[in-house]
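The values are calculated or read from the model by the stated rules, or taken from the named source; none is laboratory data. Source: prediction; values computed, not measured. Counting neighbours? That spans all protein chains shown, and the Cβs are built from the backbone with ideal geometry, glycine included. Quick note on the areas: whole protein, heavy atoms, side chains included, nothing else; ligands and nucleic acids left out. Shrake-Rupley method; radii C 1.70, N 1.55, O 1.52, S 1.80 Å.
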Amino acid sequence: MHKAALRELLATKLGLDAEVLGPSFLDSLAQWCREQRPAGGVGQFVKEAQEGGEAWLQLVEHVVVSETWFFRDSDPFDYIVETVRGRWTNAPMTPVRILSCPCSTGEEAYSVAIALIRAGLPQDAFLVDAADISQRAILSARAGLYRTRSFRNNNNKFIDRGRDFEHDRESNTWRIKPEYKRMVRFHVANMVTREGLEHAQGYDIVLCRNLLIYLHEQARRSVMASIVHLLRKDGILI
């Protein structure tokens, strides 16, 4: 019963398909809920999460997949550069608007900014917004502090860690330079319910990668409806 309530809660508010996350996912999640509320158990935690508040935030942070790194696949960034260059050339007074959602801890959104600057485009040629349902991920993105794992499998022509980041040798962490942090605006939003994106629209490019694979069919339709709302008529979805 409690597992069914958990499944329904995740499906309704996050659009998650629990089956996609593996046969043991709900069992592990139920055990985690019991650990959070030893007295009331899973039922108590689910009830609190349904009402929102701290329990819901805890659940979101526990189940959200935040797998990302800088310049994950190179082709999308090459395409973005060419698209922005073309649109900026045709309308130099209007910045090209780009949204990365879900953006996780920010590597993708910062990769867009780095790629465009490396390609010689001026800062006023584009505007990058980035959003994610995880408050913790957004806080991390705003901090812009990364470990070596964020640069894995990375031989991209755009990135130069010595030039784009400040390295702390003692902790072996890399902080993105302030000029790039100023190029990206981060906020919390839900692509399934459009919460946090109600008034956002008019993007030339939307990056929405590695999200639909975790969602049930109706949630996928909801995300696609959100994307249609967000994109300009001649906008591009990646």
How many residues does region 138-158 hold that are over 17 Å from T173 (Cβ atoms) and at pLDDT 95 or above? 1
Which of the residues that make up region 35-45 are modelled with pLDDT under 85 and either buried (at least 17 other Cβ atoms within 10 Å of the Cβ) or touching an Asp or Glu at 6+ places or on another chain (Cβ under 8 Å) (or both)? V42
So, of the residues in region 9-34 that are more than 20 Å from A55 (Cα to Cα) and not charged (D, E, K, R), which turns out to be most open to solvent (accessible area, probe 1.4 Å)? P23
Every residue in region 184-207 that is assigned to a loop (DSSP other than H, G, I, E, B) and surrounded by fewer than 19 Cβ atoms within 10 Å (Cβ to Cβ), please. T193, R194, E195, G196, E198, H199, A200, Q201, G202
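Specify which of the listed residues (S104, S24, S111, S74) is over 26 Å from R142 (Cα atoms) and not aliphatic (A, V, I, L, M).
S24
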Only one residue in Y110, Y203 is among the hydroxyl-bearing types (S, T, Y), within 15 Å of the chain's Cα centre (by Cα) and under 24 Å from L230 (Cα atoms), so which one is that? Y110
Residues that are farther than 29 Å from L207 by Cβ, in contact with a helix residue (DSSP H, G or I) (Cβ under 8 Å, 6 or more places away or on another chain) and not in a loop (DSSP other than H, G, I, E, B): does region 15-28 have at least one? yes
